[in-house]
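Student: Attaching a single structure in structure tokens format; questions to follow.
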Amino acid sequence: FVFSLGIELLQAFSNRGIFEIDDIINNVVGTLVGYAILKTIPAGNVMTYGQVAERLGNKNLARTVGNILHDNPDPANIPCHRVVNAKGKVAEHYAFGGADAQRAKLEAEGIVFEQNGRIDLKKYGMV
């Protein structure tokens, strides 16, 4: 009952032009698929935001991927710490403890950082 009421409310707002229900559905589906992609990154490997975006179907959505990761509802089971920028650097504002926490999680999985603070994407990155 509550779910169908929520759908009716979304449709009512959509009909009034407050937002498009298709946009919300696409956003939710994209988020779920994004989280599923993260679960395919094995410990000891990383992907870039752009690589995740490309797997979502649009390599230009790298910033959106970052936003999705920031809102990760289950970081213990959805390994957002395994996503780094195109230069192999961790997120300065990693949502779950900052850059040092992200780095520590990756190091615990066997990833070795170079002296410049970057990860060798040829060695640890996924294609």
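Student: For ALA53, only one of the following conditions fails: (1) modelled with pLDDT of 90 or more; (2) assigned to a helix (DSSP H, G or I); (3) in contact with a Lys or Arg (Cβ under 7 Å, 6 or more places away or on another chain). What is its number?
Tutor: Tallying (1) modelled with pLDDT of 90 or more; (2) assigned to a helix (DSSP H, G or I); (3) in contact with a Lys or Arg (Cβ under 7 Å, 6 or more places away or on another chain), ALA53 fails exactly one: (1).
Student: Please work out which residue is farthest from ILE37 (Cα to Cα), limiting yourself to segment 88-108 and to residues that are open to solvent by less than 50 Å² (accessible area, probe 1.4 Å) and assigned to a loop (DSSP other than H, G, I, E, B).
Tutor: In the first step, residues of segment 88-108 are kept if they are open to solvent by less than 50 Å² (accessible area, probe 1.4 Å); the result is 88, 90-91, 94-95, 98-99, 101-102, 106.
If we keep only those that are assigned to a loop (DSSP other than H, G, I, E, B) as well, we get 88, 90-91, 94-95, 98.
Working: GLY88: 18, VAL90: 18, ALA91: 18, TYR94: 19, ALA95: 19, GLY98: 22 Å.
Within segment 88-108, the match that is farthest from ILE37 (Cα to Cα) is GLY98.
Student: Determine, yes or no, whether SER4 is modelled with pLDDT under 85, touching a helix residue (DSSP H, G or I) at 6+ places or on another chain (Cβ under 6 Å) and over 19 Å from LEU121 (Cβ atoms). Quick ask: steps written out before the conclusion?
Tutor: On the way: modelled with pLDDT under 85: yes; touching a helix residue (DSSP H, G or I) at 6+ places or on another chain (Cβ under 6 Å): no; over 19 Å from LEU121 (Cβ atoms): yes.
So SER4 fails the test.
Student: Can you name the residue in segment 67-87 that is touching a residue at least 24 places away in the same chain (Cβ under 8 Å) and polar (S, T, N, Q) and, of all such residues, is least open to solvent (accessible area, probe 1.4 Å)?
Tutor: ASN72
The values are calculated or read from the model by the stated rules, or taken from the named source; none is laboratory data. The model shown is predicted, which means the values in this text are computed figures rather than measured ones. Using ideal geometry, Cβ is built from the backbone for each residue, glycine included, and neighbour counts are taken over all protein chains shown. To get the accessible areas, we keep the full protein, side chains included, count just its heavy atoms, and leave off ligands, DNA and RNA. Shrake-Rupley method; radii C 1.70, N 1.55, O 1.52, S 1.80 Å.
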